[in-house]
Amino acid sequence: MQPFAFCNRCRGMRVGWNSRYFLHCLMCKEWVSKSSKLLVLTVIFSGLVLGFPTSGSFVFPGGREAPMVQQASFQLNLRPVIDPAVSSMVNFLKKYAVDEDHRDRVAAALVTSAKKYDVDPRLAASIMIVESRANPFAISNLQSIGIMQIHLKTWGATAEKQGINLFKIEDNVDFGTRILKDYVHRFGMWEGVRRYKGWLPDDPDSSQAADEYLAKVQHIYGVDKPSLSTELLK
């Protein structure tokens with residue numbers, strides 16, 4: 001005959017492995033201290049964990065392990081798309097020994113400004129080569145500055161008002177191409193180039209200097225195939 005236990009809280013119960021007595025031993029404050037309860041729960045939990053071990057891999061029926069899933073890494077070799085017009089301009093500038101350190105930048109600036117103002121990019125490049133050989137820090141004794149040799153007495157106030165940095169390649173090329181566009185629009189292509197040089201019609205020396213300047217630009221402009229300027233604007 002199993003003995004009975006009596007608790008003021010849980011009343012009478014049969015001692016042994018039954019649910020009522022088991023819960024009484026775990027939960028009743030009168031019989032079990034908190035530390036004892038924690039110990040009992042820890043022992044039970046440990047038994048459950050040890051009784052059902054886990055594996056790092058899944059096992060299919062028949063004892064086969066699930067195949068490991070490997071992370072696939074993809075390396076995308078993305079190369080920047082180069083504008084054919086810029087590539088053609090780079091080759092054009094290379095023939096005239098434009099500094100390789102900023103050749104690509106100058107080419108991109110010329111093509112961008114030429115498209116913006118509807119000017120032949122090879123014409124702008126030819127003027128730039130005659131003016132400074134693509135030196136962005138060139139300063140002449142006539143106070144002309146930068147890669148397109150912007151004349152300060154004529155255009156300095158405009159550049160300052162519009163926040164144009166004449167020593168920055170993109171700013172100087174853009175401003176010079178804009179000036180060239182105005183002259184070409186008003187006076188025609190080659191007369192516009194003479195005006196870009198700056199000359200006094202009544203001064204024979206100035207006129208001769210303008211003619212010599214025009215001949216240099218035409219020589220550079222006419223070296224390559226005529227189709228080049230058309231290709232650059234496409």
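The values are calculated or read from the model by the stated rules, or taken from the named source; none is laboratory data. What you see is a predicted model, and the numbers here were worked out from it, not measured in a lab. Methodologically, a virtual Cβ is constructed for each residue, glycine included, from the backbone with ideal geometry; neighbour enumeration extends over all protein chains shown.
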Name every residue in segment 160-189 that is surrounded by fewer than 19 Cβ atoms within 10 Å (Cβ to Cβ) and out of contact with any helix residue (DSSP H, G or I) (no Cβ under 6 Å at 6 or more places or on another chain), in order of residue number.
E160, K161, Q162, G163, F167, K168, D182, H185, R186, G188, M189
Considering only helices (runs of 4 or more DSSP H) wholly within segment 100-203, the ones with at least 2 residues that are among the basic types (K, R) and more than 29 Å from the chain's Cα centre (by Cα) are 152-161, 169-187, 189-197
Can you spot a residue in segment 65-85 that is in a helix (DSSP H, G or I), surrounded by 11 or more Cβ atoms within 10 Å (Cβ to Cβ) and modelled with pLDDT of 75 or more?
yes
Counted residues, segment 142-159 - those being within 28 Å of E100 (Cβ to Cβ) and surrounded by fewer than 17 Cβ atoms within 10 Å (Cβ to Cβ):
0
Any residue in segment 107-130 that is among the small types (G, A, S), assigned by TED's automatic domain parsing to the domain that holds V217 and surrounded by fewer than 17 Cβ atoms within 10 Å (Cβ to Cβ)?
no
List, please: which pairs have Cβ atoms under 6 Å, are six or more places apart or on different chains, and start with a residue in segment 213-229 that is within 16 Å of P121 (Cβ to Cβ) and part of a helix (DSSP H, G or I) and end with one that is at pLDDT below 95 and among the basic types (K, R)?
none
